[in-house]
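Taken together, the values in this text are just the output of simple stated rules run on the coordinates, not laboratory data. Nothing here was measured: the structure is a model prediction, and the numbers come from that model. With ideal geometry, Cβ positions are generated from the backbone for all residues, glycine too; neighbour counts draw on all protein chains shown.
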Amino acid sequence: MRPVGGVLALLAAALGIFLALNHPLWPVGLTVAFVIWSVAVYWRPLLWLFVLPACLPFAGFSAWTGWIGVEEFDLVVLGAVAGSHARMAFGRNRRRLPARAGAGIAVRRSPGREEIGLLLLMGWSLIALARGLLDAGGLPLGWFQGYEEPLNSLRVGKSLLFVMLLLPSLRGLVERWPRLAGRCLAAGLASGLAGVSLAIVGERIGYPGLLDFSTPYRSTAWFWEMHVGGAAVDAFLALTVPFAVHAVVQARSRWRWLLAALLAMVAGYACLTTFSRGLYLGLGVSLIVLGALLASRRATAAALTSTGPGWRWWGNRLLLLGIAIEVVAVVGFGDFMGSRLSVGERDLGGRMAHWREGLSLLRSPAEGLFGRGLGRFPADYSQTVPGRQMPGRLRLIDAADGRHLRLFAGHQAGRSRSAFELLQRLPGPVAGTYTVTLDARAPQPTKFAVGLCHQHLLYAAACVQATHAVANADWRSVSLSLDAGDGLRSGWPVPVFFQLHLLGSVDFIDIDNLRVVDALGRQMLANGGFADGLSQWFFAGRHYFVPWHVDSLFLETLIDQGAIGLSLLIALLVMAMARLLRGPAAEHALSPYLLAALLACAVVGVFSSLLDMPRAAFLFHLLLCYSLLVARRVPEVLLKASPASAKIPREIPHSV
């Protein structure tokens, strides 16, 4: 294992440094940070089990960089892989801690059925990844390739690969320091949930308003991959909300309980303001199961009932009352949730039709068995299903007169051409008069609009816009004025975006030499001539997302990996749930919460695609692997209460 671990450590370090050095915005800073982080994991391997879930919601800056297939979270994971494998390969032998400090007992090293199943799933995913890459045209990959190009296969497949690279370290941590590993994971998940919940609070203050439940606005936090729809925030909340319950149950003092209760309240608000019916159903089912499991535990029941301290008895009931008030406020005092519930039957019919269209891509028994390859759904669906083309796409054109951008529009009947927008994030705030200049041409007469908006992904709080007609196939210089007055309305610091979208019926428009100049003559846009490709440019869809997602975790697995891949995933998921529910693993301190998290994610996954959201998919696979490793062998120390004073050990054996 030592030579293999050393090679993996070196490869992960080399790849991480390569990615960091090619970052569009902060190559030097991220390279230094990557090296420091890798060394920190080498020194304290337990760190990654906390840091990865905690920073996952925020380690993505696609809207700033223009990267879609690669993101900053990849650097965090690769640093953890490099540091942990270097520790296992090159670390010196350390004295093992005694059992009273949380060391595992009778460590068994031979692979179990769980690990064999995970290896089979990874092997099959690698085959599907290779098939997806070949189907998309193969290598080389480009930094700014989109959802229909080869890099998308790697984008979809990397999450499971990352978790499997961390699996040896995870196994060592779970076997030798199960109590500390569990505490690190739970703390990381709760921290990530707190960050997302607070981000949603700030998002809603800046856009519809904290208590506005009538405006059709669905919270997304910092999950920029939802610029074309999807359920990244739903999956993250489904996987982490049970650990808010864990924080409340495990609090041993009034102050800790108060912090945990505040987390539960803010997380409840975050979940409700996604207005996701699938998330409501998933969390409802999982929390009922979690409550039943906790009630069956004598120690937990004592903490939740009148046999516990009086402050806890009253506090828990006040917390439940507070959450009930939140539910009533969102559902009863706003129109948006009611309108979504009223069209539920129609939406379900549309989703089932979408599923049938997705399944129609499997045109032979062989494709049904093996799938079409990872990441190929957007291209295959939009090119195969009539009337379901992409609402737009970006292409760089290298012509004799130089490089420019071609903005394509789709052909969906009854769909507005503003369903696809070219975006770049600008420094804010926006005030005064701005001049927008560009060169444009189109094969047919058309209109386009430019604007400056306080915008978060798919929703704009306030905009100033101007339109222009293009009627020539030759390049024409265009100058437009945007008057933001004393400033766009915004009661909270929110991102400012430059946007451009088509309004006419033309197939495409060519754009070059984009500039946005403020009243002081300062250039606001970067890479307006596209010399650096699509660096710092982003895009978003609006109101029409079906070409990008099949809207089902299980169907997307079937389409990408076939019946074999789907069977492996379901078998591992059922195995993990069954072992967390019954047998020795059911007594593990985290088993009820892990079971609730996986169950909630599975229910959400019935109605939403999750594996094409890389960060959400990483967390799902991490909790699945953790559950399977815990279920494999439960050290005796886990069945006892853990002292609040337990600390992360300074010395970790080299095999961890």
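Evaluate E = 1/(1 + (r/R0)^6) for ASN22 and VAL331, where r is the Cβ-Cβ distance and R0 equals 41 Å; express this FRET efficiency to the nearest 0.05.
Details: r = 47 Å, r/R0 = 1.15.
Efficiency, from the Cβ-Cβ distance: 0.30.
Tell me, in nm to one decimal, what length is gained between ALA571 and ASP347 on full extension, where the rule is 0.36 nm per residue of separation less the Cα-Cα distance?
Details: separation 224, 0.36 × 224 = 80.64 nm, distance 2.99 nm.
77.7 nm is the gain from fully extending ALA571 to ASP347.
Can you classify the stretch 502-580 as rounded, prolate or oblate using the Cα gyration tensor, where a ≥ b ≥ c are the square roots of its eigenvalues, rounded means a/c under 1.5, and otherwise it's prolate if a/b beats b/c and oblate if not? Since a/c reaches 1.5 and a/b is larger than b/c, the shape of the stretch 502-580 is classed as prolate.
Counting only alpha carbon atoms, the long axis of helix 151-176 and the longest principal axis of the chain meet at about 20°. Computed extension gain for ILE205 through VAL35, at 0.36 nm per residue and net of the alpha carbon distance, reaches 57.5 nm.
Helix 2-21 and the long axis of the chain differ in direction by around 30°, with both axes built from C-alpha atoms. Across the options PRO386, LEU598, SER169, the greatest Cα extent toward the positive end of the charge dipole of the chain (unit charges at beta carbon of Lys, Arg, Asp, Glu) belongs to SER169. Computed on the stretch 402-481, with alpha-carbon pairs under 8 angstrom and 6+ residues apart, the relative contact order is 32 percent.
Spatially, the stretch 204-259 and the stretch 147-171 are offset by 25 Å when compared through their Cα centroids.
Between helix 254-272 and the chain there is an angle of about 40 degrees, using the helix long axis and the longest principal axis of the Cα atoms.
For the stretch 15-77 versus the stretch 580-613, the spacing of their alpha-carbon centroids is 27 Å. Label separation (ALA431 vs ASN527): 3.1 nm, computed from points 7 Å beyond Cα along the C-beta direction. Between ARG252 and THR467, the contour length at 0.36 nm per residue exceeds the Cα-Cα span by 71.3 nm.
For the chain, the dipole from Cβ point charges (+1 on Lys and Arg, -1 on Asp and Glu) about the Cα centre works out to 3020 debye, to the nearest 20. Considering only SER276, GLY182, GLY209, the residue lying farthest towards the positive end of the dipole of the stretch 169-284 is GLY182, judged by Cα position with unit charges set on Cβ. Model label points for ASN513 and VAL4, set 7 angstrom from Cα along the Cα-to-Cβ axis, are 5.9 nm apart.
Per-residue 3J(HN,Hα) values for the stretch 364-381, derived from phi via the Karplus relation 6.51 cos²θ - 1.76 cosθ + 1.60 with θ = phi - 60°, read 8, x, 5, 5, x, 7, 9, x, 9, x, 4, x, 9, 4, x, 5, 5, 5 Hz in sequence order (x marks Gly and Pro). Rounded to the nearest whole Hz, the Karplus-based 3J(HN,Hα) values (6.51 cos²θ - 1.76 cosθ + 1.60, θ = phi - 60°) of the stretch 388-394 follow the sequence 10, 5, 4, x, x, 7, 10, with x at glycine and proline. Phi angles of the stretch 573-578 translate, via the Karplus equation with coefficients 6.51, -1.76, 1.60 and θ = phi - 60°, into HN-Hα couplings of 5, 5, 4, 5, 5, 4 Hz per residue; Gly and Pro are given as x.
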